[in-house]
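Notes follow once the structure below has been shown.
The values are calculated or read from the model by the stated rules, or taken from the named source; none is laboratory data. Remember, predicted model here, so these are calculated numbers, not experimental data. Cβ placement follows ideal geometry from the backbone for every residue including glycine, while neighbour counts extend to all protein chains displayed.
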Amino acid sequence: MDFSWSDGDLALREAIVKFAARELNEGLVERDRKGEFSHEGWQKCAEFGIQGLPIPEEYGGRGVDILTTILALEALGYGCRDNGLHFAIAAHMLSCEVPIWKFGSDEQKRRYLPKLCSGEWIGVHAMTEPDSGSDAFAMQTRAERKGDRYVLNGRKTFITSAPVADLLLIFASLDPTKGARGITAFLVEKGTPGLVVGREFEKMGLRTSPMGELVLEDCEVSAGQLLGKEGAGAAIFNTSMEWERSCIVASQVGAMERQLERCVRYARERRQFGKPIGKFEAISDKLAEMKVRLETARLLVYKVGWLKRHGKQAALEAAMAKLYVSECCVKSNLDAVQIHGGYGYMTEFELERELRDSIAGTIYSGTSEIQRLIIAGCLGV
Ligand SMILES: Cc1cc2nc3c(=O)[nH]c(=O)nc-3n(C[C@H](O)[C@H](O)[C@H](O)COP(=O)(O)OP(=O)(O)OC[C@H]3O[C@@H](n4cnc5c(N)ncnc54)[C@H](O)[C@@H]3O)c2cc1C
């Protein structure tokens, strides 16, 4: 594997770090407290070209490959402390744009991708339901074919960006007796009669990323809103989950690097018992563990990107990266709070927010337990 970056990649990385640090962090403590999404930050990122990173230029994207997308998202996570914002962007990119790019008709790609890449529209991916999360294909949402139209009925929950969505990728079952082979994907535009955006959730972390429920009540869409073929929903879902598991944790790697640098600075500056706390082995051990977690996490994510860049299967590696990075991120955030003592516990120091934000990583895109099942399954267990 060769992870030496081109000059173009390194320039992109540096530009994103500088842009993010300069433009995206102001007022974050207050936005987190209020649970407020930054439309302004969203639009600035879109103008920079973040939302369209992997999408071909002919559809309004930047056309970079997956490994460069990973590097760019890592840079965003490093420069932007608003973890909710870069989470919302990654969800929009990886679980709405990518499925349209990979499975959409030419007409769908031309209609939707330019608006999604430019940030004008916000896309969501709606799979989870009140009674089916990990067991996603056990969904209750139904699609019924009526002539050349489909009627959708059901309820979706925990949907990132639902309260601000313009385009919704919604999964429904056309035929429950077929299980996963009955799952079908639909592109539903905001304002479609029968599509109701339900309540917005208040949550522990990633509070600047809005999340809500969706209700479908005889929501009628045309055959042109079908993404892929009837029954292709499971394949579409699996493809987008592999992209999401590969890339979404890249921002967490960037955030872990940012945290480590901050902790090292603090351990050198903060003095107790007449010396910097970094001179106490209990503290320097934590910093060493954080560094090892950061580098091993980064290597796993780059490996997934490298495999996919070369057109190889990466389901196992993506599950390992998702599991490992998200769990390392929580552990390192706990260490960061501990290293900062009482200051680490105070909201204004933003370390408690980083910890709250990081916990979501072990739940979204398949929980840690589900990643372990996937990994064991790949081992033949
Ligand atoms: C921040 C955030 C953003 C999200 N965004 C979206 C989104 O945009 N779109 C969307 O569709 N969904 C989204 N989700 C939902 C997410 O995908 C689900 O929460 C997740 O898949 C788990 O489903 P569940 O919450 O129903 O938990 P459950 O599946 O009920 O799981 C409960 C517990 O049981 C464990 N468990 C379940 N089955 C097994 C098993 N077979 N073996 C061992 N343990 C098991 C789980 O790991 C978990 O610990 C989001 C969630 C979060 C937290």
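Worth pointing out:
- Looking only at the stretch 339-381, and only at residues there that are away from the ligand (no atom under 16 Å from the Cβ) and within 25 Å of the chain's Cα centre (by Cα), the one that is surrounded by the fewest Cβ atoms within 10 Å (Cβ to Cβ): T347
- Residue match in the stretch 76-95 (condition: farther than 26 Å from G27 by Cβ, part of a helix (DSSP H, G or I) and either at pLDDT 95 or above or of a type in the set (V, I, T) (or both)): yes
- The one condition in (1) over 26 Å from S209 (Cα atoms); (2) in contact with an Asp or Glu (Cβ under 9 Å, 6 or more places away or on another chain); (3) in contact (Cβ under 8 Å) with a residue 24 or more places away in the chain that L307 fails to fulfil: (3)
Here is a yes/no grid of residues against (1) within 16 Å of the ligand (Cβ to nearest atom); (2) surrounded by fewer than 16 Cβ atoms within 10 Å (Cβ to Cβ):
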site	(1), (2)
F87	yes, no
S118	no, no
A126	yes, no
G133	yes, no
F137	yes, no
E144	no, yes
F158	yes, no
V164	yes, no
V188	yes, no
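- Qualifying positions in the stretch 308-319 - more than 16 Å from the chain's Cα centre (by Cα) and surrounded by 20 or more Cβ atoms within 10 Å (Cβ to Cβ): K308, A314, E317
- You will find that of L287, L323, L316, the residue that is in contact with a helix residue (DSSP H, G or I) (Cβ under 8 Å, 6 or more places away or on another chain) and over 30 Å from V337 (Cα atoms) is L316 and no other.
- Among the residues of the stretch 260-281, none qualifies, meaning not one is under 16 Å from the mean Cα position of the chain (by Cα) and farther than 30 Å from K18 by Cα.
- Those residues of the stretch 193-206 which are near the ligand (Cβ under 10 Å from one of its atoms), farther than 11 Å from A162 by Cα and not aliphatic (A, V, I, L, M), in sequence order: K203, G205
- Within the stretch 100-110, the residues that satisfy the criterion of being surrounded by fewer than 24 Cβ atoms within 10 Å (Cβ to Cβ) and touching a helix residue (DSSP H, G or I) at 6+ places or on another chain (Cβ under 9 Å) are W101, K102, F103, G104, S105, E107, Q108, K109, R110.
- For A180: the one exception among (1) under 18 Å from D131 (Cβ atoms); (2) outside the structural domain of R155 (by TED's automatic domain parsing): (2)
- The stretch 33-60: number of residues that are touching an Asp or Glu at 6+ places or on another chain (Cβ under 8 Å) and not aliphatic (A, V, I, L, M): 8
- Members of the stretch 206-242 that are surrounded by 21 or more Cβ atoms within 10 Å (Cβ to Cβ) and outside any strand (DSSP E or B): L206, R207, T208, S209, P210, G233, I236, F237, S240, M241, E242
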